[in-house]
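Inspection log for the structure reproduced underneath, given as structure tokens.
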Amino acid sequence: MTRRVLSQSSRLMLVAVLISAPVPVNAGPGQWTSSGADQGLGDVRSVAINNLDPRTVYAATFGSGVFKTTDGGIHWVPKSGPNSLSLLVVLDPSNPSNVYVGTNFGAFKSADGGDTWTGMISGLIDPTRPITWVIPALAVEPSDPHTLYAGSREGFFKSLDRGSSWIDIGGVGNREVSTLLVDPSSLGTIYAGGLGSVYKSTNFGATWMRGPAAEIANASSIAVDPRDASIVYAASQANGARKSTDGGIFWNYMPMRAGDAEFGSSAVAINPFDSNIVYFGTNGGGVFRSTDRGNTWNQLNDGLTNLTVKALAIDPMNTNIVYAGTSGGGVFSIQLLPVVSGVLFSGKNVTVVGENFSKGAIILMNGTPQKTLEDPASSSVLTGKKLAKRIAAGQTVTLQVQNPDGSISNDFRLTRPT
């Protein structure tokens, strides 16, 4: 697959002369389907996807422990381990069989995909002080999977031996840490959210800083744009959703609204293939989706019967598959289908625009695959190389987009002007 950047003039022309057609109902964006509510998942606090085998997914539930599916959510198997009050589940990206879980009664690790568990106690948990038992934040250092980070009401902790022992690094702001994010694109950069704000470290957690406008109460989830590390999003149950464009110094408020209602948020996820696409899980408003890096938002709730969404995860290989963990409703999943909404003749080429085009998507003309170029700036644009030369003046053809998973868009009937 070749990648191609549209020039600014081509983009302007695309807006000016776009040929549009209505999108059939059966080619819509997809619908959420319930996964696991009838299998005991219940109150899902965290969802983690195996990056090497995305059909393997873990869900941490508050009340029923950890569950695992190996078929994309059709069947779930309890992997409760030693505690059922699970708050989050984290996988080692270098070896996803290494699973880490934070609970209301400590932190645990498994080296065999959740079949057996070992407590992570030394230096992290004081058995005589219940305040130390709650571990809501864990993260794996991408540059060294032996290094783990943990956050609790007692502050920030670091392990250099996969959790066998821990070092108390000290407080982050007011000490309490409720979420952690390691920026994989910036060595040593960690974000920590807590009761009072979002903090940032650029030296593996040795020291922390906070911008003058970083007051974000009860930050519960943080995400960094994979293509621009200066763009950071934070979910907050207390005061909605926030976005920073300067690496966490200043934050802009993004209201999650539907009519007169406004919702706090619990989870955020960014499409790793196209970072223009951002999702927020909200408290009572379901899932909100932006395709322009948070400038505008729309609810994505068709089929989502539980609208309190506490966890989000995106399939790293097929980024049109999204999982949502809900409060009391188990896990929901959606597969967004490709939609073609417009076409532009551009010299020898034909540019197709729409949404939900996956990495490796191809243009079909009358059912036949065409040489396709991707636009690295947006997954909503594909170009059929020299495709215009194959369409005669006055000829009508049917264009579609096919994603690598086999899903095919609506038919787009195109007639070349005479």
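The values are calculated or read from the model by the stated rules, or taken from the named source; none is laboratory data. The shown structure was predicted, so the numbers you read here are calculated from the model rather than taken from an experiment. Note that each Cβ is placed from the backbone with ideal geometry, even for glycine, and that neighbours are counted across all protein chains shown.
Has the stretch 42-58 got at least one residue that is over 20 Å from the mean Cα position of the chain (by Cα), at pLDDT below 90 and of a type outside the set (Asp, Glu)? Let's see the steps before the verdict.
First, pick out the residues of the stretch 42-58 that are over 20 Å from the mean Cα position of the chain (by Cα): 42.
If we keep only those that are at pLDDT below 90 as well, we get 42.
Pick out the ones that are also of a type outside the set (Asp, Glu) and you get 42.
Yes, that holds for at least one residue.
Residues that are under 26 Å from Lys310 (Cα atoms), at least 1 per element: which strands (runs of 3 or more DSSP E) completely within the stretch 164-205 meet that? Walk me through how you get there before you give the answer.
Details: elements: 167-170, 179-182, 190-193, 198-201.
Filter on the stretch 164-205 gives 179-182, 190-193, 198-201.
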If we scan the stretch 127-134, do we find a residue that is part of a strand (DSSP E or B), basic (Lys, Arg) and more than 22 Å from Gly329 (Cβ to Cβ)?
no
Looking at (1) under 19 Å from Phe108 (Cβ atoms); (2) in a loop (DSSP other than H, G, I, E, B); (3) over 22 Å from the mean Cα position of the chain (by Cα), find the lone condition where Pro145 falls short.
(3)
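Do we have any residue at all in the stretch 360-372 that's crowded, with 17+ Cβ neighbours inside 10 Å and in a loop (DSSP other than H, G, I, E, B)?
The initial filter retains those residues of the stretch 360-372 that are crowded, with 17+ Cβ neighbours inside 10 Å, namely 361-365, 370, 372.
With in a loop (DSSP other than H, G, I, E, B) added as a condition, the list becomes 361, 370.
Yes.
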Out of Val287, Val339, Val309, sole residue that is within 17 Å of Gln31 (Cα to Cα) and touching a helix residue (DSSP H, G or I) at 6+ places or on another chain (Cβ under 9 Å)
Val339
If you go through the stretch 11-25 one residue at a time, do you hit one that is at pLDDT 70 or above, over 19 Å from the mean Cα position of the chain (by Cα) and not aromatic (Phe, Trp, Tyr)?
no
When the stretch 330-359 is examined, which residues are found to be at negative phi and assigned to a loop (DSSP other than H, G, I, E, B)?
Leu336, Leu337, Pro338, Lys348, Phe357, Ser358, Lys359
Among (1) small (Gly, Ala, Ser); (2) surrounded by 19 or more Cβ atoms within 10 Å (Cβ to Cβ); (3) over 30 Å from Val66 (Cα atoms), there is one condition Ala313 misses while meeting the rest; what is its number?
(3)
Say whether the condition of being surrounded by fewer than 19 Cβ atoms within 10 Å (Cβ to Cβ), in contact with a Phe, Trp or Tyr (Cβ under 7 Å, 6 or more places away or on another chain) and part of a loop (DSSP other than H, G, I, E, B) is met by at least one residue in the stretch 84-96.
no
Please work out which residue is surrounded by the fewest Cβ atoms within 10 Å (Cβ to Cβ), limiting yourself to the stretch 184-209 and to residues that are farther than 14 Å from Ala150 by Cα and modelled with pLDDT under 85.
Leu195
For the stretch 369-386, check the following and say yes or no: at least one residue is farther than 24 Å from Thr319 by Cβ and at pLDDT 95 or above.
no
Qualifying positions in the stretch 140-178 - of a type outside the set (A, V, I, L, M, F, W, C), surrounded by 23 or more Cβ atoms within 10 Å (Cβ to Cβ) and closer than 19 Å to Val224 by Cβ
Tyr149, Gly151
Could you count how many residues in the stretch 378-404 are buried (at least 16 other Cβ atoms within 10 Å of the Cβ) and part of a loop (DSSP other than H, G, I, E, B)?
6
